[in-house]
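K.L.:
Here's a structure for you.
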């Protein structure tokens, strides 16, 4: 449960770079399992994290230099189709003994981005209804 709390609260930490990034966020983030390929031709490694319309954060084992690019694969809950995106690392954050790798999408297919946006909207509506 500690990891889940870490992922959920990852962006609420008062970190200078993080607070600058939060102002630019255009959609909420939701937990998801994704696969990250950190070296071209290397394996995709399963990671717990979260995504939004513009970016991602996932649990990492080591820091990545800001500007590093990586490939990401993920399936939205309830979908059998994979979404492939290329991401750029913005930085990292540490909390509760876990390292979070933060980044934004620099390349994603238009239709995949639309699917992601629709899913994020559905998640927001569900959470809004639950809170009412």
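Just so you know, all these numbers are worked out from the coordinates, no wet-lab data involved. Because the structure is a prediction, the values reported are computed rather than measured. So basically every Cβ, Gly included, is an ideal-geometry build from the backbone, and we count neighbours across all protein chains shown.
K.L.:
Assuming 0.36 nm per residue, please report the length gained on full extension of the stretch residue 125 to residue 113 beyond their Cα-Cα distance. Please report the intermediate quantities before stating the final value.
P.N.:
Working: separation 12, 0.36 × 12 = 4.32 nm, distance 1.84 nm.
My answer for the length gained is 2.5 nm.
K.L.:
Cα gyration tensor of segment 54-94, axes a ≥ b ≥ c as square roots of the eigenvalues: rounded (a/c below 1.5), prolate (a/b > b/c) or oblate? Walk me through the numbers before you get to the answer.
P.N.:
On the way: a/c = 2.76, a/b = 1.94, b/c = 1.43.
Prolate.
K.L.:
Same structure, new question: Could you give the length gained on full extension between residue 81 and residue 69, defined as 0.36 nm per residue of separation minus the Cα-Cα distance, in nm?
P.N.:
Gain on stretching residue 81 to residue 69: 2.0 nm.
K.L.:
Something else about it: How do the peptides 54-61, 27-34 rank, highest first, by the average count of neighbouring beta carbon atoms within 10 Å per residue?
P.N.:
Ranking, from highest mean packing down: 54-61, 27-34.
K.L.:
Could you sort the peptides 62-74, 36-48 by per-residue average Cβ neighbour count (10 Å cutoff), highest mean leading? Let's see the in-between values first.
P.N.:
Working: 62-74: 15.1, 36-48: 13.4.
Per-residue mean Cβ counts within 10 Å order the peptides as 62-74, 36-48.
K.L.:
When a/c is below 1.5 the answer is rounded, else prolate if a/b is larger than b/c, else oblate, so apply that to segment 35-132 with a ≥ b ≥ c taken from the square roots of the Cα gyration tensor eigenvalues. Write out the running numbers ahead of the final one.
P.N.:
Numbers: a/c = 2.01, a/b = 1.36, b/c = 1.48.
Note, shape of segment 35-132 comes out oblate.
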